[in-house]
1. What are the residues whose amide H is under 5 Å from the amide H of Val85, where those residues sit 5 or more places off or on another chain and H is modelled from the backbone?
2. Under the Karplus relation 6.51 cos²θ - 1.76 cosθ + 1.60, θ = phi - 60°, what is the ordered set of whole-Hz ³J(HN,Hα) values for region 16-22, x standing for Gly and Pro?
3. Enter the accessible area per residue of region 21-109 (Å², integer; probe 1.4 Å; all protein chains in place).
4. Order of 112-122, 39-49 by packing, highest average Cβ count within 10 Å first?
5. Please report the projected area of region 1-96's Cα convex hull averaged over all directions, in nm².
6. Mind listing P(r) for region 46-85? All alpha-carbon pairs, 5 Å bins, whole percents.
7. Using a cut-off of under 20 Å, list every residue of region 88-110 whose amide N is near the label point 7 Å from the Cα of Ser35 along the Cα-to-beta-carbon line.
8. Out of the total accessible area of region 42-115 (probe 1.4 Å, heavy atoms of protein only), what percent is carbon and sulfur?
Amino acid sequence: MREASLEVPAAEQWGEGLVSIAAGEPVLVDVRLESVHEGILASGTVDTEYTGICGRCLDDIAERLQVEFQELFAYPGEEATDFEVQDDHVDLETLVRDATVLALPFQPVCEPDCPGLDPATGERRAVFTGTEQSMPPDSRWAALQEYTPDHDDEAPRA
């Protein structure tokens, strides 16, 4: 068994969408390599930072990301495997990149209770200080404007 800690920059941008790991961002990998009958078992953690924009209010965000991984690098043989031992070495780049990209949030938010944008003004609701603009009433609901709870008491009961 061997343990190692590596800090390497991301060779390219990892991930597409609202957030991603920027090219050159430091990626800290703590890995444990164990010899097993079928090959080499690699397990460990990845620690890095992703950047992008909030999916609700479009503000810039930067958050830490920690990911655990475990994969068997099989010895070359008859069966095809995703990861193989090549000349008594294992290449962790694909494993680390895949685990990290899959852990990125699909709909990232700057805060768990981010209110987003105001649909009428397009401004952030969290910092909006102007007067509240009410939406014009929908004409399809105009008949309900006349309804009040005490209006129903005057109606004859059957």
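1. Answer set, sorted by chain and number: Ala74, Tyr75.
2. Ordered by residue, 3J(HN,Hα) equals 10, x, 6, 10, 7, 8, 6 Hz.
3. Details: 5380 Å² over 89 residues.
Heavy-atom accessible area per residue stands at 60 Å².
4. Numbers: 112-122: 11.4, 39-49: 18.2.
Averaged packing, sorted descending, gives the order 39-49, 112-122.
5. On the way: hull surface 28.8 nm².
That works out to 7.2 nm², a quarter of the Cα hull's surface.
6. Going from the shortest bin to the longest, the percentages are 6, 17, 15, 10, 10, 10, 10, 10, 7, 4, 1.
7. 88-92
8. Working: 2150 of 4730 Å².
Solvent-exposed carbon and sulfur of region 42-115 make up 45 percent of the total.
The values are calculated or read from the model by the stated rules, or taken from the named source; none is laboratory data. Since the structure is predicted, the reported quantities are computational estimates derived from the model, not experimental observations. Virtual Cβ from ideal backbone geometry, glycine too; neighbours counted across all protein chains shown. All accessible areas refer to the heavy atoms of the entire protein, side chains included, with ligands and DNA or RNA removed. Shrake-Rupley method; radii C 1.70, N 1.55, O 1.52, S 1.80 Å.
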